[in-house]
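Below: one structure, written as structure tokens.
The values are calculated or read from the model by the stated rules, or taken from the named source; none is laboratory data. Small disclaimer: the values here were computed from a predicted structure and weren't measured. Here the Cβ positions follow ideal geometry from the backbone for every residue, glycine too, while neighbour counts run over all protein chains shown.
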Amino acid sequence: MIELLVLAGQIGALIVLLLAFLILAYWWGQRSSRRMGAPRLEVARGPYSLGDTVHCRLVTTVRSPLRVERFVFALACREWVRWEEDDIDAMGEPTRRTDSKQAEVWWCDRAVPGPRELRAGEVLDLEVEFELPIEGPPTFAAPNNCINWVVFFHAAVSNGPDVEVWEVLTVQAARRVSAPASKRA
Amino acid sequence: MSCEIEVTLEPAGPVAAGTEVRVLVKAISTEPARCRYVRCAAGWTTSGRGDPDSDHPFKKRVPGEEMQPAVPLEREFRFTVPESGPVTYRGLRFSRGSLINIDWSIRVQLDGSWPTDPEQTVPLVVQPRSI
């Protein structure tokens, strides 16, 4: 009976340790983002047409001082696929497993010169523009095949985990052949 | 006993998403036959690394007729390609690492007294509409 209680105590302690590790890892992973003031990526989600300009803005009020080596904005087109296939498990029994794969089929990035020392209370306001490629694919979503357009912001932070935020855009099955009203004016 | 089916699309393509397409069907049987229905389905399917997805936003059947050799059976269907697409996508033409293709096709099938129902499939290229 005592042995059983000791075993239960050991398992409990192991679970507590594991939970503490996960919380610590999450806390560390979010450390730079907290210091930077939980940056928001402001991008209209669309729908966009191919050939449209995508305006991206990163705004945040810095919470604690930190040094950022570089900032990078990126616009990417990603394909994601899923498939099922027959396999043999560790016991030699036939099994069916689901697998998936992702590919970046188009990528464009814009770096903001660095490094920069950010002070507490400083407002960080960065803006870039991207143009959606006229020959690119529109957004596509099906159970096993998807095409997505995503805007990323990445900050390489000294002595801390990097900060990354992103937004998914919707690109409709349309192509811009004339300049939008905002550009004609 | 066989039957030849000729399918003509107007416009032939490429067509923009949102365009109405006419499907003209002309079938000629080598022997007398009874055609109960003429079916037409327009849809897209994916191919590539993932399991295929597909959808047929247009499916219709119209009555057939008694067919005589050398007398063509003619039918017409009309459907509109959805504005939302999807559009035809040959992934590898866009990027070497692509995993996906999307293709549209029109399938016409005759339902009748033949041992195997004759059918014909033609491709349709759908591109983004211009704005």
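Figures for the structure shown
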quantity: Test: B:W114 is of a type outside the set (D, E, K, R), outside any loop (DSSP other than H, G, I, E, B) and at negative phi; calculated: no
quantity: Filtered residues of the stretch A:142-164 (kept if facing chain B (nearest Cβ under 9 Å) and either touching a residue at least 40 places away in the same chain (Cβ under 8 Å) or surrounded by fewer than 17 Cβ atoms within 10 Å (Cβ to Cβ) (or both)); calculated: A:P143, A:N144, A:N145, A:C146, A:I147
quantity: The stretch B:107-120, residues that are of a type in the set (S, T, Y) and either in contact with an Asp or Glu (Cβ under 6 Å, 6 or more places away or on another chain) or touching a residue at least 60 places away in the same chain (Cβ under 8 Å) (or both); calculated: B:S113
quantity: Answer from B:D55, B:D111 - the residue that is at pLDDT 95 or above, under 16 Å from the mean Cα position of the chain (by Cα) and among the acidic types (D, E); calculated: B:D55
quantity: Answer residue from the stretch A:14-56, given it is polar (S, T, N, Q) and assigned to a helix (DSSP H, G or I) and is farthest from B:P86 (Cα to Cα) among those; calculated: A:S32
quantity: Selection count, the stretch B:40-55, where residues are within 14 Å of another protein chain (Cβ to nearest Cβ) and within 20 Å of B:E10 (Cβ to Cβ); calculated: 2
quantity: Flag for B:T30 being of a type in the set (V, I, T) and more than 15 Å from the chain's Cα centre (by Cα); calculated: yes
quantity: Per-region count, the stretch B:65-98, residues surrounded by fewer than 21 Cβ atoms within 10 Å (Cβ to Cβ) and within 9 Å of another protein chain (Cβ to nearest Cβ); calculated: 8
quantity: Enumeration of residues in the stretch A:58-75 that are surrounded by 21 or more Cβ atoms within 10 Å (Cβ to Cβ) and under 17 Å from the mean Cα position of the chain (by Cα); calculated: A:L58, A:F71, A:F73, A:L75
quantity: Filter pass, B:T30 being among the hydroxyl-bearing types (S, T, Y) and either farther than 30 Å from A:A103 by Cβ or loosely packed, with under 14 Cβ neighbours inside 10 Å (or both); calculated: yes
quantity: Residue in the stretch A:69-84 that is farther than 26 Å from A:W106 by Cα and modelled with pLDDT of 90 or more present; calculated: yes
quantity: Residue check for A:A90: part of a loop (DSSP other than H, G, I, E, B) and more than 25 Å from A:R67 (Cα to Cα); calculated: yes
quantity: Cβ pairs under 6 Å, 6+ apart, first in the stretch A:116-131 and over 17 Å from A:F153 (Cβ atoms), second β-branched (V, I, T) and modelled with pLDDT of 90 or more; calculated: A:E131/A:T53
quantity: Candidates A:A25, A:A44, filtered to the one that is small (G, A, S) and under 30 Å from A:I147 (Cα atoms); calculated: A:A44
quantity: 3 or more residues touching a residue at least 12 places away in the same chain (Cβ under 8 Å), touching a strand residue (DSSP E or B) at 6+ places or on another chain (Cβ under 8 Å) and of a type in the set (G, A, S): qualifying strands (runs of 3 or more DSSP E) within the stretch B:1-74; calculated: B:33-48
quantity: Selected residue [under 30 Å from B:P14 (Cα atoms) and surrounded by 13 or more Cβ atoms within 10 Å (Cβ to Cβ)] from A:E122, A:E131, A:E135, A:E167; calculated: A:E131
